Structure formats: structure tokens, C-alpha cells
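Reviewing the structure listed below.
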Amino acid sequence: MAAAAPVKLATVEGVLERITYANEETGYTVARVDTGRGGDLLTVVGALLGAQPGESIRMQGRWTSHPQYGKQFSVENYITVLPATIQGIRRYLGSGLIKGIGPRLAERIVEHFGVQTLEVIETEPKRLVEVPNLGPKRTALIADAWQEQKAIKEVMVFLQGVGVSTSLAVRIFKNYGDASIGVVRTEPYRLASDVWGIGFLTADRIAQSVGIPFDSPQRVQAGLQFALSEAADGGDCYLPEPRLTSEAVKLLGVDTGLVIECLAELVEAGGVVRDELPGDDPQRPVPAVYLVPFHRAEISLANQLLRLLRADVDRLSVFQGVDFRAALAWLRGRTGTDLAPEQEHAVRLALTEKVSVLTGGPGCGKSFTVRSVVSLAAAKKAKVVLVAPTGRAAKRLAELTGCEALTVHRLLELRPGGDAAYDRDRPLDADLVVVDEASMLDLLLANKLAKAVPPGAHLLFVGDVDQLPSVGAGEVLRDLLTPTSPIPNVRLTQVFRQAQRSGVVTNAHRINAGTPPVTDGLADFFLFATDEAEDAARITVDVVAHRVPRKFGLDPRREVQVLTPMHRGPAGAGALNTLLQEALTPERPGTPERRIGGRVFRVGDKVTQIRNNYDKGRNGVFNGTGGVVIGLDPVEQRLVVRTDDEEEVPYDFAELDELSHAYAVTIHRSQGSEYPAVVIPLTTSSWMMLQRNLLYTAVTRAKRLVVLVGSRKAIGQAVRTVGSGRRHTGLDHRLLG
């Protein structure tokens, strides 16, 4: 029996008018195309991720019929082509694809050069000055933008077969320029370390397509480093060697012997560090494998803290002989309030010990204790530096103390590459450094900060150790509070009477103690019960957009924040951001917007930065920095965000994958922030994420109001589940000296 002949693919050419849906993870796209034959636009579906509205595209695929939407073209592959008609050229140039050319300028250029327009830009760009009011400077910018776009297209064509999106192709080109294709062909695993947004799995897919052998040492070593990097993203500073080996075998699909051999070579070459740490059994140390930066930072941070703790000099020596009864009486005269015994102990500790920790839950007086420490230090003319990991936390610290407070990044003046202007060789001019929201400090940032504190200065860490640990690797605050830690500490436990009247504070402590929150009869803590995730999403949007503003007079964008356990799912941050954007910042005719993958950005959008970028802003813009879009220019291909630090930061459209919408954010991402009201959807669809410290952290982000939306079963699961144990860190052992 003869084999069936392969079905011949149909070809359709047209101008991509708009994208109606795009899934960034799979590349599946629904778009509308003008085929130039009059009539309605054609609906096309399939792998179109990377194509931009205004581009002329030639698609290969099959004609299909959808029961609801009718005739469609299912795309299997496509290429961009240059338009040949005056109308097509005008639309192509005016689409915002070429930086510096908008619809009006496109009209003037095409009116002058006609069908030769694209040829002129390609071969004789200096002739653009013939267009009225178009000078040499603008002409040069357009010519450069055209050449860059052309070069990126060449890279895109090469990468299209392995499903790399436009934004990543742009990043590859910016990293390597004309060498892009050569690097991709011969060293594809470099992409995972050099290009933000490309992980091992994408690099591995590219490597397979260019013929790198499956059992290549290059591949196995890259896989080992990826496994460690994934562990760091999950909070671990290292992995025990047996676990790393098994994870690499599972990831790579190769023999255990090959992984062990390649790991040994990687250690020998300095690509990773193998160390030994004490285990539960003193006779059997844990073989720990680190990525180099985390090993260095862990050793350095322990050494810096011990150096500060044991320093011979004391820049607050005046407090060694001070009469604290008199000092506290003076303080009471200024504030009208007595310190509780725990608070008194914390104040004395901060002013007499060179490194100390203050921890405690909401309503226990951490803020008043910090203000007391700062007031007493300032009264003795001490130089006080106040710092927090995020802009919101720094702003709150400044309001609390009446003194300037900075983010760690701004204080240290972090530079491109992550180097700080202040370090051990050039320390800060400070007698007392107070670090608020210290639970957010990851290992790398804590190390940079500790290195900048001068010998003799006092360093006070303040934070709630029961909250979620830092987003980055490490568990610094918890490591400082272990029973064997040499760092002195005070834990505040007394909830003050005023705070006891708050349902938010009361329920936070109930949750932390493993008791379900009270959700009836309170003026500031509510539950909208539903068992379905889709219903929870719908109710969440209604609560944010209508109910809370109507009942409490709060602005739904500035004063209400949705906090979710996870990003995915019907009630996850991703889906809720889409729904909340439609409710709060909908599409408006004539208002510019920019689509990237499955997201669209508009003026007024709440956004957050999702990577550290040391090249943006005055001193970098960092993972977790929030803000609002205040400007969007399709011609200059630029968007402007006003951050929580009141800094206006521009983003080229090619950089928009660094931003995510922030109408809803994960609870992890909310750390260090406080909001007047929080709305927390909790459903069984996020069952694996439901843990006590997650819900506790979410509730303690609220100043005035908490609204839970979801199922009592999910709330019960969160309250009962203590957590998955400690992260893999060695700081507590290294602090033993």
C-alpha cells in the first residue's frame, strides 16, 4: 500500500493588523491579518509569537473552520517580508516598528519617495533629508534603527525554528551584535548565563537544533550550573552533592557516572565550589556544591559580621556608661509613652552591642522600639543611617523616624555589574546602621551591606522572622537567630492594647499560632467564601474595583493590592492582572498601548520590575521595584515608569519583558511593602503553596483592611501547614567562627 502523499501547505500573505491573544509560554497566537483583498480581516492562529502589528508576513499553514469563529488560517511557520505597495509601505513604516518613525512621518516619507521608500532607507538613507523638516540627526537615527531591525530580523529567522521570541532575539543581538549567530551555533549554553530571560532549557533546545551532542560535557556542565541556579532561585545557597547529581541526571537524561565526572571537571575548572558543612550526624559532613558567588558571599558575610561584633573600637561608646534609667525617662518625656521591658532590653542591646537583631510580629512595638533607638542615638549626635531592601519599606521607615531612609541599593550606590561605591575599603560614614524588613535581605545583598559598615559602628537588623524568607537565596535573618548564633537578639512578644483592637493584627497572630482567623463580626477583616477558583477571581476583581472603594473610599489602584499564593491558575496573579487591567485601566480609543507577547501596557498601569538592572535609573532598578506607567511613545518606542522611589525611569519597548503588571502580585513579591488594604484570593487550586508563613506574610502587609476571597478549606490548609523546612544555607555554621 502506497504511503499517503504529504499535505501541501497553503501560503497566505498580508499585513498583521492586531494581536488579539498571545500565550508567551507556548507561542500560540490569535491575530487579525489584512490580506489586501478587501472585506473582513482574516483570523490566523498558531505560532506567531514575535510578529508585530504593522509587519507584512508570509505564512504557511492550513485552512480550518472553527465552529464559533468560522474560517481561519492555522499557521505552521512564517517569515516577515517587505511590503511592495505604497499603502503597505506607509502602514509598515508607520506601525512603530522602526524607532523614530510614526504614522505622520511615515506619510511624509512615502509621499516623497513612493514605492522606492524602503530601497532609499536601505541603500541611500542620507537622502531622507530631502523630506521636509527631516534633519541629518533624525535621519541618522532612523538609518541606525533600520539596520538594527534588519540585523535582529536575521537573528530572528535563525532562531525562529527553536521557538525563541522576538524579545529574546533582541537581547541576544544586544549582547553579541554581529557575532550573535556564531555564538548561538557554537556556544549556545553561553546564552543561559549571558542573556537575561534565557535559561538552560531554551539554550538546550537551541543546542540540540545546532547539533551539540546529547552527552557533551559542555551540555552536562551547563545543566549542573542550571540546577544550582534553579535552587538559588528557590532560596537555596547550595545543594548537597547527592541531590545535585540526581537532579542533573533527571534534567539531562544521562548516566549518573557522566554527571559525577563532569561535576568533578567543573569543580576543577572553578565553575562551582565543593565544600563540606556539618550535618545532623557529626561523623558525616554534608558535601555541599555552591555556585561561586554564593560561596564567596556566605563566607564573606559571616566574616564581616564577626569582624563588626568583635571590633576593638566603638563609635557609640558613650552608651557603654550611660544611665539608661535617665535616658529612658528623657525619652518618655518626648514621646509620652513608656517602653515595655522587652523594648527596653532591645534599645539597650542596639546601643551597646555592635551587631544585634530585633524581631517580633505586628502590634508588638518594633516600630516604636526602632524610633526610640534612633532618637537616643541622635540625641548623642550619632550619625544614623536608615536602610531597607525596598523603596516602600524605606519610605515607611523615614515616616516612622522622621529621618531620611534609603534602599540598600541606593545607599551603597550599586553600579553596573553589581559593584558598590561603598565597601570595606570605602565604608559608610555611620555610627549606627538600622536595617528594616531584614527578613527580605538575601545573602548577596546582606553581604554587600555588611562590607560597607565601618568597624566600631553598630548594625541593627529589624524584621519579622516568621514572615516568608527573602526572594533571593539565603535565610539571613533566620540564620542570625539560630540558638547557636553569636549575634545578640531580642524577640518582642507582647501585643499592645491598641493593636489588640485590630482584626488584622489579631488574626495575624492567630494564623502564626496555627489558629484559623476570625472572619465574622470584624470591621477590618472579611471573607468572601467560594470554593471555585474562577468565582474567586471574579469576586476579587469586584472587591477591588467596586466594593472596597465604595465602602472604605480607597483608590483601587494606589491603595488596594491583590496578593496571591502563585502566578498561575484562574485566581493566580497572571490571570488576575488581565482581569484587573480590564476593570481599572481598560483600552481607550486613541490612547497608545504596547503589546508584548500576551501582555499589553497602557498609561496608568501598575507595574513591577522583575530583574535587577544596574544600568537603569540613577542607581539601578531592582527586582520588586514597583511603579506606575506615566508615559508611552509608540514613535520613540519608549515607556516611562514613575517608581515608588519617585524616580521616572524610561524603558525601550525591547526591555518591556523586564516589567510585569502589578495589580496582583505573588505574596513573595509583596515582602517589605505595606498597603492600606490587601485582597487575598486563596483557593485549593494553589494547594501546594498554602503554608502558614505565606498567609501570615500576606495578612501582615495590610495597614487597615484584609479581604480573603476563597474557600475555608484552603484557609485551613494554609494555617495548618508549617512549611517545607529550612533552606540549604551554611551561614549559621560559618558564624560559629
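The values are calculated or read from the model by the stated rules, or taken from the named source; none is laboratory data. Keep in mind it's a predicted model, so treat the numbers as computed, not measured. Methodologically, a virtual Cβ is constructed for each residue, glycine included, from the backbone with ideal geometry; neighbour enumeration extends over all protein chains shown. With ligands, DNA and RNA removed, areas are computed over all heavy atoms of the protein, side chains included. Shrake-Rupley method; radii C 1.70, N 1.55, O 1.52, S 1.80 Å.
Quick rundown of the values:
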item	result
Descending Cα extents along the principal axes, the stretch 499-586, whole Å	41, 29, 19
P(r) tail fraction, the stretch 444-593 - alpha-carbon pairs more than 21 Å apart, %	65 percent
Per principal axis, descending, Cα span of the stretch 601-737 in whole Å	53, 47, 27
Those residues of the stretch 130-151 whose amide nitrogen sits under 16 Å from the label point placed on residue 104, 7 Å along Cα→Cβ	132-135
Extreme residue, positive dipole direction of the chain, given options 244, 217, 390 (C-beta unit charges)	390
With Cα atoms, 0 to 90° folded angle of helix 443-452 axis to the chain main axis	60 degrees
Simple Cβ-charge dipole of the chain, Lys/Arg +1 and Asp/Glu -1, about Cα centre, in debye nearest 20	1740 debye
Formal net charge of residues neighbouring residue 559 (Cβ-Cβ distance under 12 Å; K, R +1; D, E -1)	+3
Gyration tensor verdict on the stretch 371-427 (Cα atoms; rounded if a/c is under 1.5, prolate if a/b is larger than b/c, oblate otherwise)	oblate
Cα-based equivalent ellipsoid of the stretch 201-271: semi-axis lengths in Å, sorted from largest, via gyration tensor	19, 14, 11
Charge dipole (debye, nearest 20) of the stretch 217-289; +1 at Cβ of Lys and Arg, -1 at Cβ of Asp and Glu	160 debye
Helix 103-113 axis, angle to the chain major axis (alpha carbon atoms, nearest 10°)	30 degrees
Charged-residue dipole, Cβ positions (Lys, Arg, Asp, Glu), the stretch 603-684 about Cα centre, Debye nearest 20	280 debye
Under 23 Å from the Cα of residue 150 - lysines, other chains or at least 8 residues apart	99, 126, 137, 174
Where labels lie 7 Å past Cα in the beta-carbon direction, separation of residue 733 and residue 265 in nm	2.8 nm
Solvent accessible area, Å² - residue 295, 1.4 Å probe, full protein context	30 Å²
Principal axes of the chain: Cα extent on each, largest first, Å	89, 64, 63
Antiparallel DSSP beta bridges within the chain, percent to nearest 5	60 percent
With all protein chains modelled, accessible area of residue 606 [1.4 Å, Å²]	20 Å²
Two-decimal Rg to Rh for the stretch 109-161 - Kirkwood Rh, Cα set	1.08
Heavy atoms of residue 689 accessible to a 1.4 Å probe, total area in Å² rounded to 10	70 Å²
Furthest towards positive pole of dipole, 607, 577, 556, structure part the stretch 556-643, Cβ charges	607
Low-density loop cleavage sites - trypsin sites (Lys or Arg not before Pro) in the stretch 496-591, where at most 16 other Cβ are within 10 Å (DSSP)	501, 558, 568
Mean ellipticity per residue at 222 nm, deg cm²/dmol - from DSSP H runs of n ≥ 4 across the chain, formula -39500 (n - 2.57)	-11000 deg cm²/dmol
